[in-house]
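Before any comments, here is the structure.
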Amino acid sequence: MKRNNRIYIIKIKRKVILAVSIIVLFIFSVIFLNRIKAIDIFCFRNQTDRTIVIDPGHGGIDGGTNDKDGFLEKKVNLDIGLKLKKELEKEGFNVIMTREKDISLEEFSDINASRHRKDLDARKSIINQAKPIVFVSIHVNSNISSKEARGVQIYYHPTSEDSKIFAETISYSINEHVYNNFLKTDSLKVKVLSEDFFVLRESSHTGVLIEAGFMTNPIDKLLLESEEYQGKIAFAIKEGLKKYIEDNV
């Protein structure tokens, strides 16, 4: 009789253990599924919130600054822009380019204005419609009155404190990664300046315009045409952009 009772008690214990196991498994399943759902929602939000616009200046009929040797600003702008896109995509950013090939953008504007103004309007529209965290417009500088002028300059709109901070953060990164580590020079520092450029004034998002060097300076010109320098500039811009977002967004 005692043996039968022990068997009965064992069966009861097994049923209790099984029931508890099922309950625990159910609880963990609910937690796991909710976590998966939360991760999915976060990832979707993260993708939406991580949009960056890159604007390689000029293009197509508009070559930008140039010289008798065949230097075309539009090509360097695009080369750096595409390298920056790759750098940002490695970090998981959603990158929108105003152009990814040698074209001008006036046909994408509906305003009644000059070709140049229509091109600028199209760039502004692309930026505003994308609603990016930040945007970066890429250009090359020129100073025909002084071949000594050289170095990177970063512009922000004078009414945007966020854009000023963004410009300064990128400048620190370029100073470190390009001038100090790559070119090994202490004589050059990025200049951060305010200016009422159209793309900075008319875009409703934080952004900067970067002049990657002076094509009228012999040293800068060689650098601007160098794949290695273009890659270093793109990397430094990306690092500065990341730092700005981490600290301010």
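A short reminder: the numbers here are calculations on the coordinates, not readings from a lab. Predicted, not measured: the structure shown is a model, and the values here were computed from it. Positions of Cβ are backbone-derived with ideal geometry, glycine not excepted, and every protein chain shown enters the neighbour counts.
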query = When the distances between all Cα atoms of segment 102-163 are binned every 10 Å from zero, what whole-number percent does each bin get?
reply = 17, 35, 35, 13, 0
ask   = Which links in Lys68/Lys238; Lys68/Lys90; Lys164/Lys184 stretch past 28 Å when you go from one Cα to the other?
value = Lys68/Lys238; Lys68/Lys90
task = Enter the per residue convex hull volume of segment 174-249, computed from alpha-carbon coordinates, in Å³ rounded to the nearest integer.
result = 115
task = Mind checking segment 143-236 for trypsin sites (Lys or Arg not before Pro) that DSSP puts in a loop (not H, G, I, E or B) and that have at most 13 other Cβ atoms within 10 Å?
result = Lys184
remark   = Applying the gyration tensor rule to the Cα atoms of segment 52-138 (axes a ≥ b ≥ c; rounded if a/c under 1.5, else prolate if a/b exceeds b/c, else oblate), the class is oblate
query = Tell me, in nm to one decimal, what length is gained between Phe198 and Glu89 on full extension, where the rule is 0.36 nm per residue of separation less the Cα-Cα distance?
reply = 36.5 nm
Fully extended contour minus Cα-Cα distance, from Asp110 to Ser187, at 0.36 nm per residue = 23.1 nm
ask   = Between Asn180 and Ile144, what length in nm is gained on full extension when 0.36 nm per residue of separation is reduced by their alpha carbon distance?
value = 10.2 nm
ask   = Are there GluC sites (Glu not before Pro) in segment 76-178 that DSSP marks as loop and that have at most 12 other Cβ atoms within 10 Å, and which are they?
value = Glu148
note = Restricting to Cα pairs under 8 Å and 6 or more apart, the percent relative contact order of segment 139-238 works out to 44
